[in-house]
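The values are calculated or read from the model by the stated rules, or taken from the named source; none is laboratory data. Since this is a predicted model, take the numbers as computed values, not measurements. A quick note on method: Cβ atoms are made from the backbone with ideal geometry, for glycine too, and the neighbour counts reach across all protein chains shown. SASA here: full protein model, heavy atoms, side chains in, ligands and nucleic acids out. Shrake-Rupley method; radii C 1.70, N 1.55, O 1.52, S 1.80 Å.
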Amino acid sequence: MSKIAFVNGKYLNIKNATISVNDRSIHFSDSVYEVIAVHASKLVFWKEHIDRLKKSLKLINIYNFQNLETLYFKCNEIIRMNNLVEGLIYIQISRGIALRNHNWNNSLTPSLIISALHKEIFKDSRPVTLISNKDIRWKCSYIKSTSLLGNILLKQKALNKKAFECVMYDDKGFITEATTSNIWVIKNRKIYTPPLKKKILAGITRKKVFEVAKYLKIEAYEKEFNLKYLANADGVFLTNSSSLLVMAKKIDNLKLNLDKDNIYQLIYASLLKTIRS
């Protein structure tokens with residue numbers, strides 16, 4: 001856990017790193033965030049994360065955050081102060097502090113929180129178990145906001161069933177994503193992931209897998225598919241910033257194939273090489 005965090009202009013001991021009870025992130029989840037991996041004390045895919053953060057701010061109409069240019073410096077200070085070699089940096093920007101009211105005043109000063117987490121990320125973990133559930137989140141999950149109640153309820157449901165993740169599907173039965181991950185299938189040496197829609201977050205690792213696949217000459221496509229499609233796949237894996245890539249071995253009571261052609265391993269090794277270069 002972070003020993004030092006940044007809160008609204010100050011580097012503070014985590015015990016003293018508090019925010020106002022009237023911050024709109026507390027009342028309304030009126031805030032956006034990014035989780036950025038750290039390897040060898042360096043921020044991974046920084047530009048892509050900041051580009052997405054800018055997009056998130058625009059999508060919830062926060063136009064007056066003035067510190068994007070200094071975020072890189074602040075994040076690196078948090079890395080240094082916490083002796084973070086491998087782990088995660090968390091950035092949260094809220095609309096600001098005001099008495100509780102659904103409406104807001106555009107003169108509000110946005111709040112900024114940055115913290116760190118020591119975590120081993122860059123290792124090839126064992127295949128995991130998944131569950132499935134109807135997608136219960138709000139309809140604009142493509143915005144990386146802190147409105148995550150649907151996600152955490154289903155993630156906890158997975159934990160209660162001793163699974164790693166919950167894969168969600170829409171009213172038509174098409175898979176959207178998992179609660180903290182994008183999902184991929186391997187079929188006939190090609191890889192597929194659901195197309196970006198309002199229910200799907202444009203994952204940074206997802207984007208990088210497309211780039212790596214192109215380099216490896218592995219065909220990669222966006223495609224809608226349902227749970228039944230997973231049963232006929234040659235492999236299923238998840239991507240996110242906090243675990244990188246994770247292979248799945250089971251969903252609900254369905255056993256999944258484990259990629260006999262090693263497509264997953266090729267992508268994983270190439271992605272890791274990109275990060276370490």
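Going by the conditions given, is K199 more than 23 Å from H39 (Cβ to Cβ), basic (K, R), over 17 Å from the mean Cα position of the chain (by Cα) and surrounded by fewer than 22 Cβ atoms within 10 Å (Cβ to Cβ)? Talk me through it step by step, then tell me what you get.
On the way: more than 23 Å from H39 (Cβ to Cβ): yes; basic (K, R): yes; over 17 Å from the mean Cα position of the chain (by Cα): no; surrounded by fewer than 22 Cβ atoms within 10 Å (Cβ to Cβ): yes.
The answer is no for K199.
Inspect all residues belonging to the range 226-244 and state whether any of them is in a strand (DSSP E or B) and surrounded by fewer than 17 Cβ atoms within 10 Å (Cβ to Cβ). Lay out the reasoning, then the answer.
From the range 226-244, those in a strand (DSSP E or B) are 226, 235-240, 244; that's our starting set.
Pick out the ones that are also surrounded by fewer than 17 Cβ atoms within 10 Å (Cβ to Cβ) and you get 226.
Within the range 226-244 (the criterion being in a strand (DSSP E or B) and surrounded by fewer than 17 Cβ atoms within 10 Å (Cβ to Cβ)), the answer is yes, since at least one residue qualifies.
Return the residues of the range 1-29 that are over 25 Å from H118 (Cα atoms), of a type in the set (A, V, I, L, M) and in contact (Cβ under 8 Å) with a residue 12 or more places away in the chain; say none if nothing qualifies.
none
Determine which member of the set I62, I114 is open to solvent by less than 40 Å² (accessible area, probe 1.4 Å), touching a residue at least 12 places away in the same chain (Cβ under 8 Å) and not in a loop (DSSP other than H, G, I, E, B).
Numbers: I62 fails: not in a loop (DSSP other than H, G, I, E, B).
None of the others qualify; the one that does is I114.
Quick check: anything in the range 161-177 over 23 Å from I60 (Cβ atoms), open to solvent by less than 80 Å² (accessible area, probe 1.4 Å), touching a Cys at 6+ places or on another chain (Cβ under 7 Å) and not acidic (D, E)?
Checked the range 161-177: no residue is over 23 Å from I60 (Cβ atoms), open to solvent by less than 80 Å² (accessible area, probe 1.4 Å), touching a Cys at 6+ places or on another chain (Cβ under 7 Å) and not acidic (D, E).
Quick test of your reading of the structure: S125 fulfils all but one of (1) open to solvent by less than 50 Å² (accessible area, probe 1.4 Å); (2) touching a strand residue (DSSP E or B) at 6+ places or on another chain (Cβ under 8 Å); (3) modelled with pLDDT of 95 or more. Name the failing condition by number.
So S125 meets the others, but not (3).
Could you give me the residue pairs with C-beta distances under 6 Å whose first residue belongs to the range 35-52 and is at positive phi and small (G, A, S), whose second residue is in a helix (DSSP H, G or I) and modelled with pLDDT of 95 or more wherever it lies, and which are 6+ apart or on separate chains?
What qualifies is S41/I79.
Anything in the range 245-260 that is open to solvent by less than 60 Å² (accessible area, probe 1.4 Å) and of a type in the set (D, E)? List them, or say none.
Answer for the range 245-260, where residues must be open to solvent by less than 60 Å² (accessible area, probe 1.4 Å) and of a type in the set (D, E): just D259.
Pick from the range 237-264 the residues that are under 25 Å from K134 (Cβ atoms) and of a type in the set (V, I, T): which of them is nearest to the chain's Cα centre (by Cα)?
Within the range 237-264, the match that is nearest to the chain's Cα centre (by Cα) is T239.
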